[in-house]
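The values are calculated or read from the model by the stated rules, or taken from the named source; none is laboratory data. What you see is a predicted model, and the numbers here were worked out from it, not measured in a lab. Positions of Cβ are generated from backbone atoms using ideal geometry, with glycine treated the same way; all protein chains shown enter the neighbour counts.
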Amino acid sequence: MNVIEMLGQKTESDKGSVRKYDKGERRFKHVGSGDVPEFEIDNDNPKKIIGKCPKTISAQERDRLLEIAIAASNPDREIEVPNKLYSVHEGTIYEAQTSDHGETYHAYPFRGKLSASILRQLGELADREECRAEFDKFVKSNIVRHGR
């Protein structure tokens, strides 16, 4: 499989459920062509950056990354499952989003703003994954820290 699937650590409300990856039949926007994550500027909107996943991540590694992903707090109180999940692979931060209330997610390398608490948790994950130096370098050039 060419893209990462992120499941995330289970919350009380979603224990026992299984989140799945759904790239979409014609969704190629987040699929890269190489062995490393890429960022590309959207042709229609130069302020929009598109993260592209490496094509070399195995299904087993993808599934492992899903299990260790961190759930962000959910601003939509209508659904009990996380709307966004974050994980770290070889120092790169990946964001996964759901469009169907947590049944499936699609994921991509992330560039943008993250809360200090999510960054702290991702830093701890990078320590466990033994990629802290790469993570710190990625954060310095791709992430804006905000909040607590």
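In contact with a strand residue (DSSP E or B) (Cβ under 6 Å, 6 or more places away or on another chain) and either over 22 Å from Ile41 (Cα atoms) or at pLDDT below 85 (or both): which single residue out of Ala96, Ala133, Ala126 fits that description?
Ala126
Please identify the pairs in which a residue from segment 43-71 that is crowded, with 16+ Cβ neighbours inside 10 Å has its Cβ atom under 7 Å from the Cβ atom of a residue that is at pLDDT 80 or above and in a helix (DSSP H, G or I), counting only partners at least 6 apart or on another chain.
Ile68/Leu125; Ile70/Ile118; Ile70/Gln121; Ile70/Leu122; Ile70/Leu125
Out of all the residues in segment 81-93, which are assigned to a loop (DSSP other than H, G, I, E, B) and modelled with pLDDT of 90 or more?
Correct list: Glu90, Gly91.
Quick one: which of Glu78, Glu61 is modelled with pLDDT of 75 or more, charged (D, E, K, R) and farther than 19 Å from Ser115 by Cβ?
Glu61
Would you check which residues across segment 123-135 are surrounded by fewer than 21 Cβ atoms within 10 Å (Cβ to Cβ) and under 18 Å from Gly51 (Cα atoms) and list them?
Within segment 123-135, Glu134 is the sole residue that qualifies.
For the subset of segment 99-123 comprising residues that are more than 15 Å from Arg64 (Cβ to Cβ) and of a type in the set (Gly, Ala, Ser), which member is modelled with the highest pLDDT?
Selected residue: Gly123.
The conditions are (1) in a loop (DSSP other than H, G, I, E, B); (2) in contact (Cβ under 8 Å) with a residue 40 or more places away in the chain; (3) at negative phi, and Gly102 fails exactly one of them. Which is it?
The one condition Gly102 does not meet is (3).
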